[in-house]
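A short worksheet on the structure shown next.
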Amino acid sequence: MKPVVITGAAGFIASHLCEALLAAGCTVYGVDAFSPHYARELKELNLLASVAHKRFAFHELDILDPALDELVGEAKWVFHLAARPGVRDSWSDFEDYNRANILGTRAVLDATARHHVRLIYASSSSVYGNAVELPVSEAAPLRPVSPYGASKVMTEMLSGAYARSYGLETVGLRYFTVYGPRQRPDMALARFIEAMLAGREVLLFGDGRQLRDFTYVGDVVAATVAAAERGRAGAVYNVASGNARPLLEVLDALGDALNREPRLAFDTTKAGDVRDTWACTDLACRELGFQAETSLTEGLAAQVREAKRRRVALAAAKPNTSSSSSALSR
Ligand SMILES: NC(=O)c1ccc[n+]([C@@H]2O[C@H](COP(=O)([O-])OP(=O)(O)OC[C@H]3O[C@@H](n4cnc5c(N)ncnc54)[C@H](O)[C@@H]3O)[C@@H](O)[C@H]2O)c1
C-alpha cells in the first residue's frame, strides 16, 4: 500500500493526524523541520508515539528541500500542515510566514502536481477576518486582518491555480481554533492552563466576551481524514465545532477542569485578532459526513490531563536533555 506524507508532522495537529492514520493501517512519512517558533523538545514529545510505530518514518526535512519530491513521488495522499502559525507575530516576522506558508506551500504544490498526488492542506478561519455574517460560510469574502491570514489566503489561491492549471486534486480545510492535548504553547488555552498551574494571573486580550469556535483536535483529525477520502477536488471546507462560546465562559469551564479559580488580567486586543469566530459547518457535514463530536468539557479535560503529564515529563527530562532526542534516532 502506498504511504501518505504528512508535512508539519511534529506539530500539534499533524502529530495527532500521524497517529490516526497509523491506527487506520497507513504507512506514514512524517516531514518536519522543527522550525524554532516553539521548543523542539515539545515537538519531539508530540512524535513519541508515532516514532515507536513500525509503519512510521520520520524525515527531518524542510518542505523547501528538493528531497521532498522523492517522498511525494511514492505517496497516495499528501497532508500539508507545515506552516508558521499564529496571528500576532506575523506583523514582525513576515519573512518567516512567507517562507513557510507561501514559498513552502508552492514547493509542496510543485511536487504533488508533478506526481499527480491528491493534496489535503490546512488553511485557517483567519482567511475571513471579521466576517459580517456569523456563522460564517465558505462563500463569505476573504478579508484577513493579519499577515498570517493573508498568507493562508495565498495558500488557497496557489492551490486553486495548481488545480486549474495542472489538474491537481486539492482539498482545503479552514480550521477553527483547534484545542486539545499538545496545543501549541502560544495559543490561548495552553497559556491559560500553564498560568493557572503555575499560580499566575491569566492574561486575556480584549474583554473576554469575544466568541471562539473551539474545535477539538480529534474532531479536526477526523475531518482531515474524511477530506482525503471524500473531499471534492477543488473544495475548501470549514472545519469547526459550529458552537461559538465567549472566552470567559470557556475560562470558567477550564477553571472547573483544573479545579482552580482563574485570576484574570486584561489587556487590549492586538492588531490581527478577530473579534469573533463561528463557523457554519453545513458543507463539511453534507460532503464529508463530518460533525464535531467532542464536548468542550471532555476536550478541556483531555488537554488539562496532557498538560499536567507534560509538565512532569519536562521537569524530569531537564537534567538530561539528550533523553528526548534519543527517541527520534531510533
Ligand atoms: N492550531 C490551530 O488552531 C489552527 C487553526 C487554523 C489553522 N491551523 C493550521 O494548521 C496547521 C497546523 O497548525 P498547528 O497548530 O499544529 O501548528 P504547529 O506549529 O504545532 O505545527 C506546524 C509544524 O510545521 C513545521 N514546519 C514549519 N515550517 C516548516 C518547513 N518549512 N518545513 C517543514 N516543517 C515546517 C513546524 O516545525 C511545526 O512542527 C498549520 O498550517 C496552521 O496554520 C491551525
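Every number here is computed from the coordinates shown, using simple stated rules; none is lab data. From a predicted model like this one, the values you see are computed outputs, not experimental measurements. Glycine also receives a Cβ, built like all others from the backbone with ideal geometry; neighbour counts cover every protein chain displayed.
Here the chain is treated with +1 on each Lys and Arg Cβ and -1 on each Asp and Glu Cβ, and its dipole about the Cα centre works out to around 460 debye.
Once backbone amide H atoms are built at 1.01 Å from N, Val202 has Arg263, Leu264, Ala265 as its partners under 5 Å, excluding neighbours fewer than 5 places away on the same chain. Distance between the 7 Å Cα→Cβ label points at Ala24 and Ala265: 4.4 nm.
First check a/c for the range 37-189, with a ≥ b ≥ c the square roots of the eigenvalues of its C-alpha gyration tensor; if it is under 1.5, answer rounded, and if not, answer prolate when a/b is larger than b/c or oblate otherwise. Taking the square roots of the gyration eigenvalues as a ≥ b ≥ c, the range 37-189 is oblate.
Can you tell which of Ser35, Ser241, Ser126 shows the greatest fluctuation in a Gaussian network model of the chain with Cα springs below 10 Å? Its mean-square fluctuation being the largest, the pick is Ser35. A simple spin-label model places the labels of Arg286 and Arg114 3.8 nm from each other, with each point 7 Å out along Cα-to-Cβ. Note on the range 160-181 and the range 43-89: Cα centroid distance 16 Å, given to the nearest whole angstrom.
Can you flag which of Lys43/Lys152; Lys43/Lys76; Lys43/Lys270; Lys76/Lys308; Lys2/Lys318; Lys2/Lys152 are past 32 Å Cα-Cα? Those over the limit are Lys76/Lys308; Lys2/Lys318.
Residues in the range 144-157 carry Karplus couplings, in order, of x, 10, 9, x, 4, x, 5, 5, 6, 4, 5, 4, 5, 5 Hz; the curve used is 6.51 cos²θ - 1.76 cosθ + 1.60 with θ = phi - 60°, and Gly or Pro positions show x.
Distance between the modelled labels on Ala317 and Arg55, one decimal in nanometres: 2.6 nm (7 Å Cα→Cβ projection). Ranked by the mean number of other Cβ atoms within 10 Å of their residues, highest first, the peptides 26-34, 184-192, 256-264, 75-83 fall in the order 75-83, 26-34, 184-192, 256-264.
Pairs of C-alpha atoms in the range 192-330 farther apart than 18 Å represent 67 percent of all such pairs. For Lys54, the aspartates and glutamates whose Cα falls under 20 Å of its own Cα, not counting residues fewer than eight places away in the same chain, are Glu19, Asp32, Glu44, Glu74. Short version: ³J(HN,Hα) in whole Hz for each residue of the range 284-293, in order, from phi by Karplus 6.51 cos²θ - 1.76 cosθ + 1.60 (θ = phi - 60°), x for Gly and Pro, what are they? Those phi angles translate into 5, 5, 5, 9, 9, x, 9, 9, 5, 10 Hz. DSSP finds beta bridges in the chain, and of those with both partners inside it, around 5 percent are antiparallel. Shape of the range 184-227 from the C-alpha gyration tensor: oblate (a/c of 1.5 or more and a/b not above b/c, with a ≥ b ≥ c the square roots of its eigenvalues). In sequence order, the range 90-97 has phi-based couplings of 6, 6, 9, 10, 4, 4, 5, 5 Hz under the Karplus curve 6.51 cos²θ - 1.76 cosθ + 1.60, θ = phi - 60°, and Gly or Pro positions carry x.
Our estimate of slack between Arg200 and Val132, defined as 0.36 nm per intervening residue step minus the Cα-Cα distance, is 20.9 nm. Among Ala301, Ala233, Ala265, determine the one that fluctuates most according to a GNM of the chain built with springs between C-alpha atoms less than 10 Å apart. Maximum among the listed residues: Ala265. Taking 0.36 nm per residue of sequence separation and removing the Cα-Cα distance, the Leu248/Glu229 pair yields an extension gain of 3.1 nm.
As a size descriptor, the averaged projected area of the C-alpha convex hull of the chain was calculated at 15.8 nm².
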